[in-house]
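The values are calculated or read from the model by the stated rules, or taken from the named source; none is laboratory data. The shown structure was predicted, so the numbers you read here are calculated from the model rather than taken from an experiment. Backbone-built Cβ (ideal geometry, glycine too); neighbour counts: all protein chains shown. Keep in mind that these areas ignore ligands, DNA and RNA; they rest on the heavy atoms of the full protein, side chains included. Shrake-Rupley method; radii C 1.70, N 1.55, O 1.52, S 1.80 Å.
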Amino acid sequence: GKPCVVGCGALEIDSKAGTMTVKSTGKVFKDGDVISLNGSTGEVIDAAIETTEPTLGGNFGKLLAWADATDDVCQVMANADSGPDAAKALELGAKGIGLCRTEHMFFTPPERLPVVRQWILR
C-alpha cells in the first residue's frame, strides 16, 4: 500500500536543489534516491523494503468475516484511486469504494506534477 503523508515537519525540503533533509539526523536524500516510509510511524528508511501482498488472516480476517455476516448493517468499503486498486479491493472482499481521492487527477499527465508540488510547498 501507499502511506498517506499528511505532514513533514521533521523534513527540510529544498525543491530547487532537489533534496530532502531529515532534521533529526542531517541525512540528505537527493531527487531519485530510493526510500521507504513506515506508514505507521512516518519513519524515512534509506532502503527499498520488500513488500508483500496483503492477506486476510488472523483477527483482521475474522473482523471482516463478521462484517460480511452482517451485510445489512455493516459493509467494508475501500479507498481506491485507480482501476487496479479497485480490482484488488474487490478481490479482497470490499463491497464498494468508500473514498476516491480526486487530487490524484492532478498527477496525470506527468507535466502537471511539478505544478502541484510547487503549489503544495508554498
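A few points about this structure:
- Residue in region 12-26 that is within 19 Å of LYS88 (Cα to Cα), over 17 Å from the mean Cα position of the chain (by Cα) and not small (Gly, Ala, Ser) present: no
- Taken together, SER36, SER40 contain a single residue that is open to solvent by 60 Å² or more (accessible area, probe 1.4 Å), among the hydroxyl-bearing types (Ser, Thr, Tyr) and closer than 30 Å to SER24 by Cα, which is SER40.
- Qualifying residue in region 72-84 (condition: charged (D, E, K, R), in contact with a Phe, Trp or Tyr (Cβ under 7 Å, 6 or more places away or on another chain) and at pLDDT below 85): no
- For region 20-31, a residue qualifies if it is open to solvent by less than 90 Å² (accessible area, probe 1.4 Å), assigned to a loop (DSSP other than H, G, I, E, B) and either in contact (Cβ under 8 Å) with a residue 12 or more places away in the chain or hydroxyl-bearing (Ser, Thr, Tyr) (or both), and exactly one does: LYS27.
- ALA17 vs. criteria open to solvent by 60 Å² or more (accessible area, probe 1.4 Å), in contact with a Lys or Arg (Cβ under 6 Å, 6 or more places away or on another chain) and either within 16 Å of ARG117 (Cβ to Cβ) or in contact (Cβ under 8 Å) with a residue 24 or more places away in the chain (or both): no
- Residues in region 56-72 include none that are of a type in the set (S, T, N, Q) and part of a strand (DSSP E or B).
- Within region 6-27, the residues that satisfy the criterion of being hydrophobic (A, V, I, L, M, F, W, C) and at pLDDT below 95 are VAL6, CYS8, ALA10, LEU11, ILE13, MET20, VAL22.
- Any hit, region 78-94, residues being open to solvent by 70 Å² or more (accessible area, probe 1.4 Å), at negative phi and in a loop (DSSP other than H, G, I, E, B): no
- For region 49-77, filtering for residues that are open to solvent by 80 Å² or more (accessible area, probe 1.4 Å) and farther than 18 Å from LYS95 by Cα leaves 6.
- Top-ranked residue in region 101-120 [being loosely packed, with under 10 Cβ neighbours inside 10 Å and of a type in the set (D, E, K, R); ranked as modelled with the lowest pLDDT]: GLU103
- Taking the conditions (1) more than 18 Å from the chain's Cα centre (by Cα); (2) open to solvent by 60 Å² or more (accessible area, probe 1.4 Å) in turn, ASP46 satisfies each one other than (1).
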